[in-house]
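Written below as structure tokens is the structure these notes are about.
The values are calculated or read from the model by the stated rules, or taken from the named source; none is laboratory data. Predicted model, so just to flag it, every value in this text is computed and none were measured. Please note: Cβ atoms are built from the backbone with ideal geometry, for glycine as well, and neighbour counts cover all protein chains shown. Just the protein is used for accessible areas: all its heavy atoms, side chains included, with ligands, DNA and RNA removed. Shrake-Rupley method; radii C 1.70, N 1.55, O 1.52, S 1.80 Å.
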Amino acid sequence: MTARYAAAALLVAAWMLLSWRAWRRARPARQPARPAGGWLVAHASQSGLAQELAEHSAAALRAAGHEADVRPLNQVDAAMLASCRRALFVASTYGEGDAPDGAARFALDVMRPAAQGRLAQLQYALLALGDRSYANFCGFGRALDHWLAAQGARSLFDRVDVDRADPAALRHWQGELVAACGAAEQDDWQAPDYQAWRLVRREHLNPGSAGGPCFLLSLLPDRETSWQAGDIAEVGPRAAPDAPLQNHREYSIASLPADGCLQLLVRQQRHADGRLGLGSGWLTERCPVGAEVALRIRSNHGFHLPPGPQPLILIGNGTGLAGLRAWLKARIAAGHARNWLVFGERHAAHDALLAEELRAWQAQGLLPELDLVYSRQGQGYVQDRLRERAGRLRGWVDEGALIAVCGSLQGMAQGVEEALTEILGAPAVLALRAQGRLRRDVY
């Protein structure tokens, strides 16, 4: 029995070593450390907002005559930090405190305990982005701040925590950049530069559903506008047609400019007391068809579709179909047909969102792998279907497949992460994230 246990231990150790080596080989080559001088402006982004704010921060520094090098945190290594004298960090958080995809490799490779004083030469400032509805608000930004301080880096001013892109907090950050970093004064970055769009159609997709009503909205702009698959529509909701509100709401765009309109998939939300949600209530009920909608498009760099014919695995649920649909449309337009969609909803009789369109693509050979999973019919969830088709999934990944996940953070996204880890192994999942082959747009 002892020999059997020893043999098993050796097999496990060998598997771990091989997995680790495979992950190391799969990782992209490191960028060489740049010499000291100027500002490093590093962003840890999930939806693209952190990158956008990092670019604004760098522009403010450059306008005052400073050099500023903007890069994802995944492209920053220990050597670069050790040679850096001044840095700005703009860090979002994934889920309940995790590093976003744009910082996963940095968190694994660089953020390790070390003797204090390793970064004693570094002066820094940190802008943390988050959402107070999560228990671990700005969790990764706070963790990064604490780690930098533990390494001896000196903060130029207190960390600025931002709740849902709050304009007041961003103005505070701008002011601190001017006062403490010598940046140039600029107009408010988040002043809503909305464009006038017109709601031309609202189609109820799930009548009779046990869930909230889901609508496909079609909007036309007042001037020519362009976007990419994966981009975000920021909508300025109104309490009534003549009463604009301050806080915008974000929605994945479900169409391409070639479709002739911008489309959104919006589920109507209600509070416990029956009140309609702010953004969804405006778009699905209060805004009359034909009325004006204030909307602007924000580039979502981290969820843009990479070029190339590599296989594509799309995973999502609910209104997450919006972003995945735009990706499918872009792939089909480019002539790439190795597409696989795993999509979950409640019941086929009421919640088969856009199923006719998906089936048509399947019949045309443009979506050869289509798994529609209905939880209220005893079919489980998308993560369960991935486990059932684990062999197929591994085969596609071995062929270089890109994986995109879009939909609810709670439940689906976490379940998919666990399933992928079980099927592929933790080192392989980390490697996919570092290579940009595992992309997520979750909320």
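Just a few scattered comments:
- Relative compactness, segment 187-240, computed as alpha-carbon Rg over 2.2 N^0.38 Å: 1.47
- Accessible surface of the chain, 1.4 Å probe, proportion on carbon and sulfur as whole %: 51
- Computed per residue of the chain from DSSP H runs no shorter than four, each worth -39500 (n - 2.57), the mean residue ellipticity at 222 nm is -10000 deg cm²/dmol.
- Backbone N under 16 Å from the Asn136 label point (7 Å along Cα→Cβ), restricted to segment 400-415: 409-411, 413-415
- Nonlocal amide H pairs with Leu156, under 5 Å, H built at 1.01 Å: Tyr124, Ala125
- Looking at the chain alone, DSSP beta bridges between its own residues are antiparallel in about 40 percent of cases.
- Interchain or long-range residues, amide H under 5 Å from Val293's placed H: Trp197, Arg198, Leu199
- Kirkwood hydrodynamic radius over Cα pairs of segment 296-436, then Stokes diffusion coefficient at 37 °C and 0.692 mPa s, in µm²/s: 213
- Hz values of 3J(HN,Hα) by residue in segment 286-302 - Karplus curve (6.51, -1.76, 1.60), Gly and Pro given as x: 6, 7, x, 4, x, 7, 7, 10, 7, 8, 9, 9, 10, 5, 10, 4, x
- For Gly400, nonlocal amide neighbours, meaning residues 5 or more places apart or on other chains whose placed amide H falls under 5 Å from its own, do not occur.
- FRET efficiency, 1/(1 + (r/R0)^6) with R0 25 Å, evaluated for Arg376 and Asp259 via beta carbons: 0.20
- Scanning the chain for trypsin sites (Lys or Arg not before Pro) lying in DSSP loops with no more than 11 further Cβ atoms inside 10 Å, the longest uninterrupted stretch between such sites is 276-443.
- Relative contact order (%) - segment 312-442, alpha-carbon pairs under 8 angstrom, separation at least six: 30
- Checking every one of the chymotrypsin sites (Phe, Trp or Tyr not before Pro) in segment 180-224 against DSSP loop status and a limit of 11 other Cβ atoms within 10 Å picks out no site at all.
- Amide N of segment 81-122 lying under 16 Å from the label point, which is placed 7 angstrom from the Cα of Leu156 along Cα→Cβ: 84-91, 121-122
- Heavy atoms of Trp340: accessible area, 1.4 Å probe, square angstrom to 10: 0
- Fully extending the segment from Ala196 to Ala168 would add 7.6 nm, taking 0.36 nm per residue of separation and subtracting the current Cα-Cα distance.
- Listed values for segment 324-339 are Karplus-derived 3J(HN,Hα) couplings in whole Hz (6.51 cos²θ - 1.76 cosθ + 1.60, θ = phi - 60°), namely 5, 5, 4, 4, 4, 4, 5, 5, 5, 4, 7, x, 9, 10, 7, 10, and x replaces Gly and Pro.
- Phi-based couplings in Hz for segment 250-266 (Karplus 6.51, -1.76, 1.60; Gly and Pro marked x): 10, 9, 5, 7, 9, 9, 10, x, 5, 6, x, 7, 9, 10, 10, 9, 10
- Stretch gain in nm, segment Leu409-Ala179, where the contour uses 0.36 nm per residue and the Cα spacing is subtracted: 79.0 nm
- Residue among Val397, Leu264, Phe215 farthest towards the positive dipole end of the chain, charges placed on Cβ: Val397
- Note on Asp145: accessible area approximately 20 square angstrom, rounded to 10, probe 1.4 Å, nucleic acids and ligands left out.
- Paramagnetic label reach from Arg71 (point 7 Å along Cα→Cβ; backbone nitrogen cut-off under 18 Å): within segment 117-155, residues 119, 122-125.
- Using C-alpha pairs below 8 Å separated by at least 6 residues, the relative contact order for the chain is 13 percent.
- Average accessible surface area per residue within the chain, 1.4 Å rolling probe, Å²: 44
- Restricting segment 221-288 to GluC sites (Glu not before Pro) that sit in a DSSP loop and have at most 10 other Cβ atoms within 10 Å of their own Cβ leaves Glu224.
- Under a model in which nothing but the beta-carbon of Lys, Arg (+1) and Asp, Glu (-1) is charged, segment 195-298 shows a dipole of about 200 debye around its Cα centre.
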